[in-house]
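The values are calculated or read from the model by the stated rules, or taken from the named source; none is laboratory data. Bear in mind that the values here come from a model prediction, so they are computed numbers and not experimental data. Cβ: placed from backbone, ideal geometry, glycine included. Neighbour counts: every protein chain shown.
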Amino acid sequence: MRKFLIIAAVSISLSSCLKLTDPVISDIEESFLSGPGVFVVNEGNFRSGNGSLSFYSYDSVKLFNHAFLSVNHRPLGDVPYSAEISGTRMYIVVNNSGKIEVVDRDYLRSIATINGLIAPRYISVLDRDKAYVTSLYSDSITILDLASNTISGYIALKHPSEAVSVYNSKAFVAHWAGGNKVFVINTPDNTVIDSIEVGMEPESMVFDRNGTLWILCNGGWQREHFAELIAVNPQSLEIINRFQFPSINDSPTCLQINRTGETLFYLQNGLRRMNINESALPSSVFIQNSSYNFYKLGINPANDDIFVTDASDYQNKGNVLRYNSNGGLVSLMQADIIPGGICFKNNPDPYIE
């Protein structure tokens, strides 16, 4: 069933750029975690087990690093990659550790650890009892029983998977590494019912205000294909619009959409934006990346704040940059090693019905 979000608007006004280095966590339960904010998943160094979780608090206007470690007194794991909030819980996908950490979204206390996954990438919560998890190396989608926090089954794709988006009773799953298809799953019975041939390596997807599915295909890491932005009717599964990027070297990533569902954002030599009714791709950059290495992107569904992570050299600590909806820099903060996925926490964040 389609996700419906009830979002309370957040109003924050800042007049200057704020940079915090090595912020110190204090009074973790009362001071900032219970309020609205943004979780940043820091991947850490591969096979080093030093991935972590940061939290940007709108109440204190600070970024707090090592939040999971501080609460649970153990490391998050090897390459945390993404996270999703549903109701009072947050699900943190830890790729190389093959697990999902289930925590209380307001206090980060551990509820359960779901082990036994193969290179998990993204989770999509369908309802209170079920979620799908994609995999970089497995040829199946993993089905989770959220009531017991266990693996309840698998959906054979015969291909690895990346992004996953749910619309009504269909789940759309991208075959990313070396693929050019988006598979369609009937969620009531967990069966693959169709596929859509798109561009090479579809890596991110969003739905707009009209219910149209937008798919960003980066063209493949070998740059043998042109990147494409494709619009699909989720009912008929027909491609209704197709944009090819002008250069074979273009490699756009991280497709996102604003809270009204009418403006697309993605990373390509900076941050670009595009109205869903445009007839061509944007020719100019909305936000310059300057000296930063833009890695992941998120648009706050409560207030259209733009958060971008800077992965630096993919070895050391990076930054989190917050911009307002007009592209003005609000704050620059140092996160942990390779800051990546972004997960917004707004009040209230209801259960998916």
Original post:
Within region 173-223, which strands (runs of 3 or more DSSP E) (wholly inside it) include 1 or more residues that are among the acidic types (Asp, Glu) and crowded, with 18+ Cβ neighbours inside 10 Å?
Top reply: 202-207
**OP:** Go through the residues of region 248-255 one by one and say whether even a single one is more than 23 Å from Gln222 (Cβ to Cβ) and surrounded by 21 or more Cβ atoms within 10 Å (Cβ to Cβ).
**Re:** no
Subject >> Selection within region 206-223 - modelled with pLDDT of 95 or more, hydrophobic (A, V, I, L, M, F, W, C) and farther than 18 Å from Ile306 by Cβ >> reply: Phe207, Leu213, Ile215, Cys217
**OP:** Examine region 108-129 for a residue that is touching a Lys or Arg at 6+ places or on another chain (Cβ under 7 Å), closer than 27 Å to Pro301 by Cα, surrounded by 17 or more Cβ atoms within 10 Å (Cβ to Cβ) and hydroxyl-bearing (Ser, Thr, Tyr), and state whether such a residue exists.
**Re:** no
Original post:
Is it the case that some residue within region 276-292 is under 19 Å from the mean Cα position of the chain (by Cα) and surrounded by fewer than 22 Cβ atoms within 10 Å (Cβ to Cβ)?
Top reply: no
**OP:** Test Leu229 against the criterion of being in contact with a Cys (Cβ under 8 Å, 6 or more places away or on another chain), aliphatic (A, V, I, L, M), under 30 Å from Ser169 (Cβ atoms) and touching a residue at least 24 places away in the same chain (Cβ under 8 Å), and give yes or no.
**Re:** yes
Original post:
What do you reckon, is Ile141 within 15 Å of Ser161 (Cβ to Cβ), of a type in the set (Val, Ile, Thr) and surrounded by fewer than 17 Cβ atoms within 10 Å (Cβ to Cβ)?
Top reply: no
**OP:** Would you confirm whether any residue within region 66-83 is within 18 Å of the chain's Cα centre (by Cα), closer than 27 Å to Val166 by Cα and free of Cβ contacts under 8 Å to residues at least 60 places away in the same chain?
**Re:** yes
Original post:
How many residues does region 224-270 contain that are within 21 Å of Thr309 (Cβ to Cβ), assigned to a strand (DSSP E or B) and out of contact with any Leu (no Cβ under 7 Å at 6 or more places or on another chain)?
Top reply: 1
Original post:
Taking region 288-304 only, how many residues are closer than 13 Å to Phe265 by Cβ and either free of Cβ contacts under 8 Å to residues at least 40 places away in the same chain or not in a strand (DSSP E or B) (or both)?
Top reply: 4
Subject >> Top-ranked residue of region 80-103 - restricted to ones that are part of a strand (DSSP E or B) and among the polar types (S, T, N, Q), ranked as nearest to Tyr137 (Cα to Cα) >> reply: Ser82
Subject >> Any hit, region 314-328, residues being outside any strand (DSSP E or B), at positive phi, crowded, with 20+ Cβ neighbours inside 10 Å and modelled with pLDDT of 95 or more >> reply: no
